[in-house]
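Below is one structure, written out as structure tokens; the observations come after it.
The values are calculated or read from the model by the stated rules, or taken from the named source; none is laboratory data. Please read all numbers here as calculations on a predicted model, not as lab measurements. When we count neighbours, we look across all protein chains shown, and the Cβ atoms used for this are built from the backbone with ideal geometry, even at glycine. Please note that ligands, DNA and RNA were not included when accessible areas were found on the heavy atoms of the full protein model with its side chains. Shrake-Rupley method; radii C 1.70, N 1.55, O 1.52, S 1.80 Å.
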Amino acid sequence: MACMKLGTKEDGFRLEGQTWMCSHCIPSDISIEVEGTFFHLHKFPLLSRSGFLEKLIQDFSERMKCEDEIECTLHLDNFPGGAKSFLFIAKFCYDVKVELTARNVVSLRCASEHLQMTASYGEGNLISQTENFLFILFGSWDDTIKALETSEKFLPLAEELHIVSKGIDSLAMIACANTHLLSYSMSEKSMTQSLGSAFLLNGIHSTCDKVPSTEDGWYEDVAFLQMPLFKRLICAVHSKGMAPNKIAEMIIFYAKSHLPLNGRQLSFRQSTLGSMLPSLSDVDQRTMIEEIVMLLPSERGVIPTKFLLKLLRISKILCTSPSSREALERKIGAELDQALLEDLLIPNTCYSAETLYDVECIHRMVNHFMLINGDCSDFISDNLVEEINLVGGSQSLEPMTKVANLLDNYLAEVAPDVNLGLEKFISLAAAIPDYSRPLDDGIYRAIDIYLKAHPWLTDSEKEHLCRLMNYQKFSLEASTHAAHNERLPLRVIVQVLFFEQLHLRTSVAGWLFVSDNFENSQNLSGKVAPTSEHMATTISENSLVFAFDDMKERVSELENEFEGMKQDMGKLVKNKGSWNNFCRRFGLKSKIPCSGEAFQPPKKPVLNGKYKHEKCKSNH
């Protein structure tokens, strides 16, 4: 901490109640009142240092016309620093020993400017002394922080004197030069170590700054700045070329220190820091959020999506401006593939809202994501997606696939809400194109949960909802569950069975192709003696023949069932009793009983967008 000692005389002032008296043999001839505190002083020491006091004394003498008989009485209103600063100045005028520090230099610089203590009223006057001290002080990170903290009380005068701008530039230069060692340079540190814990330079008594123990330790220092100064610091480090990720880290730390981001438990260090900071009102928090949103870097990938969603959640609670919330939604939408499901479950805070969660907000963010990532969605087909996956170019579709999976899980979470309208559910599910879903198990699960929570839907509404699904992209587990799901319309079940039959016929054709190639290879081998490797292949192929026979039997059963359905569809009456007769007629009940539970996708690894269920396929 830097300090400067001024004056040579011993302290000759004493306090009597609310009055400061100068211990001098000559009676005082002037009384100055500052914020209820009186100073009984002498005119000459003040006239020799202050142009402002000189003018006030002259004006008083001209009014009273009796300077020698009546004590001059002055009142200083709105004096920078109040009575404490004026006591320092009074001692300075009497050449009493005083000390400039980082905590009082700003108030004294403003007070000396107010009193016009220029060099015309004595060499080494207080304006020049405080200016010199500030020049040296701004070379230290800690002292600059302290000076800026005190300068907030003396705006706009501190701004007019360029104290704030110089302090901000000093912090920005130190931060951009080295964000880890925000203290003296190595040469200054070595000088300090050689001279001991303190050294004297041009009357400045300094001690070495404490080096932050962590790389982001300096974030705690700037967290004590009020929002206007913090905003200027962010603009300064940005103009000086600080990396966007460092700026983002500084903003995140500042926001976590001042805002209750959804009641999140802070670390011990941050909670201790938060207890030292003044609590903000709802209005101040609302203003701070709007300012922070404007400060966020525009570069993608530098701000965690989790933090943005936390900020959006509290923005809705505090009812920030629509433009601020819209800006947050755009930023989140641009990186929606990095979001987590738990963070997307934003409660609906609007009094007129019907749904439990803010579904419309998620819909807007999905639309922002599609504006950036879905420019070519109208021209991409399923065949093209398969080709991209085969040539290894699926990385460009990875964000779309992540968002599709995230959206399906979100729909499954909000589906039990009875107040969630059908059109809202459909529009949100359709916001992501079909090609972004390698499997439709997720959207089937969400639709199944929605149907279970909304049993009053008509058949036409159910069919309209089921158009979101592509039955050709069902896994074996999803197809089996859907074929016995009483909540689905009958037409949908028929389509599911049809595509299951189609898949099995395709598999049979593949087996026939393999079998033919194997027989041809045997014929071409002629009388060549079988090797051990050849015998192992033969044994393997024999086992495949048995699996092939089972598959042909399953295909035959499906064909018979499908033909029977087409004949009996017109005879069925749409009620529960007829549905049970229908299940018994085609043997569905005897195979897999329908428990009425919603579909749960299997926890199996995914390869190229498809679940691994070859074992299940081979059993059929």
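With the condition being hydroxyl-bearing (Ser, Thr, Tyr) and within 12 Å of VAL105 (Cβ to Cβ), I'd like the helices (runs of 4 or more DSSP H) fully within region 126-174 carrying at least 3 qualifying residues. So that I can check it myself, show each step before the final result.
On the way: elements: 126-137, 141-151, 157-160.
Of the helices (runs of 4 or more DSSP H) lying wholly inside region 126-174, those with at least 3 residues that are hydroxyl-bearing (Ser, Thr, Tyr) and within 12 Å of VAL105 (Cβ to Cβ) span 141-151.
Assess whether ARG109 counts as being within 30 Å of ASP169 (Cα to Cα), under 58 Å from the mean Cα position of the chain (by Cα) and open to solvent by 50 Å² or more (accessible area, probe 1.4 Å).
Values: within 30 Å of ASP169 (Cα to Cα): yes; under 58 Å from the mean Cα position of the chain (by Cα): yes; open to solvent by 50 Å² or more (accessible area, probe 1.4 Å): no.
No: the conditions fail for ARG109.
Mind checking which helices (runs of 4 or more DSSP H) fall wholly inside region 433-491 and carry at least 2 residues that are open to solvent by 50 Å² or more (accessible area, probe 1.4 Å) and in contact (Cβ under 8 Å) with a residue 24 or more places away in the chain? Give the derivation first.
Numbers: elements: 441-453, 459-466, 476-483.
Output list reads 459-466.
Has region 223-240 got any residue that is modelled with pLDDT under 70, out of contact with any Pro (no Cβ under 7 Å at 6 or more places or on another chain), open to solvent by less than 40 Å² (accessible area, probe 1.4 Å) and part of a helix (DSSP H, G or I)?
Going residue by residue through region 223-240, those that are modelled with pLDDT under 70 are none.
No, region 223-240 contains no residue that is modelled with pLDDT under 70, out of contact with any Pro (no Cβ under 7 Å at 6 or more places or on another chain), open to solvent by less than 40 Å² (accessible area, probe 1.4 Å) and part of a helix (DSSP H, G or I).
So that you can scan it fast, the table gives a plain yes or no per residue for (1) free of Cβ contacts under 8 Å to residues at least 60 places away in the same chain; (2) charged (D, E, K, R):
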| site | (1), (2) |
| --- | --- |
| LYS97 | no, yes |
| ALA111 | yes, no |
| ALA119 | yes, no |
| LEU137 | no, no |
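Quick one: how many residues across region 413-432 are among the aliphatic types (A, V, I, L, M), under 19 Å from LEU356 (Cβ atoms) and open to solvent by 10 Å² or more (accessible area, probe 1.4 Å)?
Applying the first criterion (among the aliphatic types (A, V, I, L, M)) to region 413-432 yields 414-415, 418, 420, 422, 426, 428-432.
From what's left, under 19 Å from LEU356 (Cβ atoms): 414-415, 418, 420, 422, 426, 428-429.
From what's left, open to solvent by 10 Å² or more (accessible area, probe 1.4 Å): 418, 422, 426.
Adding up the residues that qualify gives 3.
Taking region 434-453, which residues are in contact with a strand residue (DSSP E or B) (Cβ under 9 Å, 6 or more places away or on another chain) and of a type outside the set (D, E, K, R)? Working first, answer last.
Taking region 434-453 and keeping what is in contact with a strand residue (DSSP E or B) (Cβ under 9 Å, 6 or more places away or on another chain), we get 438-439, 441.
Once the filter is applied, which keeps residues that are in contact with a strand residue (DSSP E or B) (Cβ under 9 Å, 6 or more places away or on another chain) and of a type outside the set (D, E, K, R), region 434-453 yields PRO438, LEU439.
Being acidic (Asp, Glu), open to solvent by 70 Å² or more (accessible area, probe 1.4 Å) and modelled with pLDDT of 50 or more narrows it down to one of GLU220, GLU215, GLU188, so name that one.
Details: GLU220 fails: open to solvent by 70 Å² or more (accessible area, probe 1.4 Å); GLU188 fails: modelled with pLDDT of 50 or more.
Step by step, each of GLU220, GLU215, GLU188 is checked, and only GLU215 is acidic (Asp, Glu), open to solvent by 70 Å² or more (accessible area, probe 1.4 Å) and modelled with pLDDT of 50 or more.
Select from region 25-40 the residues that are aromatic (Phe, Trp, Tyr) and either assigned to a loop (DSSP other than H, G, I, E, B) or over 15 Å from LEU15 (Cα atoms) (or both) and list them in ascending order.
Narrowing region 25-40 to residues aromatic (Phe, Trp, Tyr): 38-39.
Listed by number, the list is empty, since nothing qualifies.
List pairs: first in region 353-371 and more than 12 Å from ALA431 (Cα to Cα), second open to solvent by 50 Å² or more (accessible area, probe 1.4 Å), Cβ under 6 Å, 6+ apart or cross-chain?
GLU354/ASN419; THR355/ASN419; VAL359/LYS424
Can SER85 be described as among the small types (Gly, Ala, Ser), modelled with pLDDT of 90 or more and closer than 24 Å to LYS146 by Cβ? Spell out the reasoning first.
Details: among the small types (Gly, Ala, Ser): yes; modelled with pLDDT of 90 or more: yes; closer than 24 Å to LYS146 by Cβ: yes.
For SER85, the condition - among the small types (Gly, Ala, Ser), modelled with pLDDT of 90 or more and closer than 24 Å to LYS146 by Cβ - is met.
When the residues of region 51-78 are filtered to those that are part of a helix (DSSP H, G or I) and of a type in the set (Asp, Glu), which remaining residue is modelled with the lowest pLDDT? Lay out the reasoning, then the answer.
First pass over region 51-78, keeping only residues part of a helix (DSSP H, G or I): 51-64.
Next cut, of a type in the set (Asp, Glu) only: 54, 59, 62.
Details: GLU54: 91, ASP59: 86, GLU62: 79.
Checked region 51-78; the qualifying residue modelled with the lowest pLDDT is GLU62.
Can you name every residue in region 406-425 that is more than 29 Å from the chain's Cα centre (by Cα) and in a helix (DSSP H, G or I)? Give the steps one after another, and end with the answer.
Within region 406-425, the subset more than 29 Å from the chain's Cα centre (by Cα) is 418-419, 421-423.
LEU422, GLU423 - these are the residues of region 406-425 that are more than 29 Å from the chain's Cα centre (by Cα) and in a helix (DSSP H, G or I).
Just a yes or no: is a residue in region 18-34 closer than 30 Å to GLY167 by Cα, exposed (fewer than 15 other Cβ atoms within 10 Å of the Cβ) and at pLDDT below 90? Walk me through how you get there before you give the answer.
So the first thing to find is which residues in region 18-34 are closer than 30 Å to GLY167 by Cα, and the list is 34.
Narrowing further to those that are exposed (fewer than 15 other Cβ atoms within 10 Å of the Cβ): none.
No, region 18-34 has no match at all.
Within the group ILE372, ILE426, which residue is farther than 21 Å from GLU342 by Cα and either among the aromatic types (Phe, Trp, Tyr) or at pLDDT 95 or above (or both)? Don't jump to the end; show me each part of the working.
Values: ILE372 fails: either among the aromatic types (Phe, Trp, Tyr) or at pLDDT 95 or above (or both).
Matching residue, one of ILE372, ILE426: ILE426.
So which of LEU100, LEU53, LEU115, LEU74 is surrounded by fewer than 19 Cβ atoms within 10 Å (Cβ to Cβ) and among the aliphatic types (A, V, I, L, M)?
Working: LEU100 fails: surrounded by fewer than 19 Cβ atoms within 10 Å (Cβ to Cβ); LEU53 fails: surrounded by fewer than 19 Cβ atoms within 10 Å (Cβ to Cβ); LEU115 fails: surrounded by fewer than 19 Cβ atoms within 10 Å (Cβ to Cβ).
That would be LEU74, the only listed residue that is surrounded by fewer than 19 Cβ atoms within 10 Å (Cβ to Cβ) and among the aliphatic types (A, V, I, L, M).
Does any residue in region 36-57 that is farther than 21 Å from SER23 by Cβ come within less than 9 Å, Cβ to Cβ, of a residue that is among the aromatic types (Phe, Trp, Tyr) and not in a strand (DSSP E or B) six or more places away or on a different chain, and which pairs are these?
SER50/TYR121; GLY51/TYR121; GLU54/TYR121
Report, ordered by the first and then the second residue, all pairs with beta carbons closer than 7 Å, sequence separation of six or more or different chains, a first member in region 159-179 that is over 17 Å from GLU131 (Cβ atoms), and a second member that is basic (Lys, Arg).
ILE168/ARG232; ALA172/LYS240; MET173/LYS240; CYS176/LYS240; THR179/LYS246
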